[in-house]
Amino acid sequence: MTKPIRVNGFAIHSPVHLSPGLWTHPRDRSLDFNTLGYWTDVARLLERGLFETLFIADGIGIHDVYGGTAAAALRRAAQVPKYDPMLLVSAMAAVTEHLGFGITASVSYEPPFTLARRFSTLDHLTDGRIAWNVVTGYSAAASRAVGRPGITAHDTRYDIADEFLDVVYRLWEESWEDGAVLRDRARGLFADPSKIHRIEHAGEHFRMEGIHLVDPSPQRTPFLFQAGASNRGRDFAASHAEAVFLSDPSKAAIAATVADTRRRAAARGRDPAGILFFALMTVIVGRTAAEAHDKHRDYLAHVDPEGALALFSGWTGIDLAPYDLDDPFPVIRKDNAVASMVESFARSEKTWTIREIVTHNAIGGRGPVLVGSAAQVADALEAWMDDTDIDGFNLSYAVTPEGYGDFIDLVVPELQRRGRYKTAYAPGPLREKVFGAGHGLLPASHPAARFRRGQR
């Protein structure tokens, strides 16, 4: 059976996401990032396009690796300023009915108890449309900002994440039984204390004792995204993730990661098809191929090489300032980095120069950029789906919200005509919209399920 193509809108609560300099384009609204009106407009637009979620990247570190300072990032607004994305969700949920909201939050900088409370609150306020993109903190700047002496080693960060998730699973799944909430006006009883349980945890990295402060939300545990394709990241995804975000320009690399992660999930007793994979993609589409290429040339006139260098140095942990643009990219493995990004260069058959990387990453970051007519773009998206076994795309943009609007108006109807894109949302919370009726809670094979007590 041919898989449907699923799409998330990919954004950040900042003037620049993956296309530095494009905020200067006269049709771009990135500078409205600090207004609710911009975000409610985007949410309505994505719901009109039947997107699965608005997937919002985040992190508390500033990109200060390039040149050893944050000056380039500050000059070029390279993901700074960067606001808290959680505070957008209620406003966007109020103007939509079906769109999900995937919020990135790190396990590295706060206790499990407080994060679990916020996600449960949002799951209630969105009628079960909230997703958590689980990440570990790789930024040395972020560690310094919260008073820590240095960055935790890469694999240890995932060990911490495993334990963090055990704690939040217990809060979400075990603390309140089904039937604990009574809301009985006649007797004046809100809840049955005998069905509400104090969670106690004493582990290597976390200690806590308390009752979850929020009664069970529609999904209990939010829909779980994960972004990390390193060896340890694949293990984590195979254990926990319901959807994995991948960023690589190579079909072969994407296909290998998908196949390997599905194998690891099966070895853990999970259904390999129960994990969806979304590849980063930027689409520049026109009513004709010529119009699309004209747009692309127009966009390229606004790219910012210094901003791209600041971003890429921050992501890889490698200061590119001392190198000449025509030098090969220096493959240096560091803990203050997105390990899978550096590894992708290490295993690449091509030797990338820094200039090539800057040019490639000027629009859309590490993912491919498709330029063409609606039919050409649809052909390419179908080929990516069929050649890699992914389930859809995290759609970035050059100009916002124009990039989303063009995709919705031109590409979505073409994909629908081919039978590759849904024509309506399914009912229910986000997990049921994605996996079908009866999937409101995580399946019994998921590690969260072992903590369930007295649930349907």
Percent relative contact order of segment 302-456, based on C-alpha pairs within less than 8 angstrom and at least six residues apart?
14
How long, wide and thick is segment 136-277, going by the Cα atoms along their three principal axes, in whole angstroms, largest first?
63, 41, 23
Prolate/oblate/rounded call for segment 225-329, Cα gyration tensor, a/c under 1.5 rounded:
oblate
Note down the magnitude of the dipole of segment 161-253 about its Cα centre, charges +1 on Lys and Arg C-beta and -1 on Asp and Glu C-beta and zero elsewhere, to the nearest 20 debye.
280
Expressed in nm to one decimal, what extension gain is obtained for the pair Arg27 and Gln455 from 0.36 nm per residue of sequence separation less their Cα-Cα distance?
149.0 nm
In Hz, Karplus ³J(HN,Hα) per residue of segment 59-76 (6.51, -1.76, 1.60; θ = phi - 60°; x = Gly, Pro)
x, 9, x, 9, 7, 10, 7, 5, x, x, 9, 8, 4, 5, 4, 5, 4, 9
Relative contact order of the chain (C-alpha contacts under 8 Å, at least 6 apart) in percent is 23
What length, rounded to one decimal in nm, is gained on full extension from His293 through to His205, with 0.36 nm per residue of separation minus their alpha-carbon distance?
26.5 nm
If the cut-off is 16 Å between C-alpha atoms, which aspartates and glutamates fall inside it for Lys195, apart from same-chain ones fewer than 8 positions away?
Glu173, Glu174, Glu177, Asp178, Asp184, Asp215
Would you grab the residues whose amide H sits under 5 Å from the one on Gln455? Only those 5+ places off in sequence or on another chain, please, with H modelled 1.01 Å from N.
Asp178
Taking the simple approach of a point 7 Å from Cα along Cα-to-Cβ for both Phe190 and Thr2, what is their distance in nm?
5.3
HN-Hα couplings for segment 91-98 via Karplus (6.51, -1.76, 1.60; θ = phi - 60°), in whole Hz with x for Gly/Pro, come out as 5, 5, 5, 5, 10, 9, 10, 10
Sequence of Val65, Val377 from largest to smallest accessible area, 1.4 Å probe
Val65, Val377
20 Å Cα-Cα reach of Lys251 towards lysines, excluding residues that sit fewer than 8 places from it in its own chain:
Lys3, Lys350
How many angstrom lie between the Cα centre of segment 30-76 and the Cα centre of segment 306-323?
19
What does the charge dipole of the chain about its Cα centre add up to, to the nearest 20 debye, if the Cβ of each Lys and Arg holds +1 and the Cβ of each Asp and Glu holds -1?
880
Karplus 3J(HN,Hα) series, Hz, for segment 443-453 with 6.51 cos²θ - 1.76 cosθ + 1.60 (x for Gly, Pro)
x, 4, 6, 7, x, 5, 5, 5, 9, 5, 9
Taking placed amide H atoms and a strict 5 Å upper bound, the residues 5 or more places from Phe245 or on another chain that come that close are Gln226, Ala227, Gly228, Phe278
Helix-derived mean residue ellipticity, 222 nm - over the chain, DSSP H n ≥ 4, -39500 (n - 2.57), to 500
-10500 deg cm²/dmol
Could you rank Lys350, Lys195 by how accessible they are, 1.4 Å probe, largest area first?
Lys350, Lys195
Against the empirical 2.2 N^0.38 Å scaling, what ratio does the C-alpha Rg of segment 37-138 come to?
1.20
Nearest-5 percent of antiparallel DSSP beta bridges in the chain?
15
Rg over Rh, two decimals, the chain (C-alpha only, Kirkwood Rh):
0.96
Give me the percent relative contact order of segment 88-137, please, defined on Cα pairs under 8 angstrom at least 6 residues apart.
54
The answer for Ile284, listing residues at least 5 apart or on another chain whose modeled amide H is closer than 5 Å to its amide H, is Leu370, Val371, Gly372
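The values are calculated or read from the model by the stated rules, or taken from the named source; none is laboratory data. All figures in this text were calculated on a predicted structure; none of them were measured in a lab. Neighbour counts run over all protein chains shown; Cβ positions are idealised from the backbone, glycine included. Note: accessible area is taken over every heavy atom of the protein model, side chains too, but ligands, DNA and RNA are not part of it. Shrake-Rupley method; radii C 1.70, N 1.55, O 1.52, S 1.80 Å.
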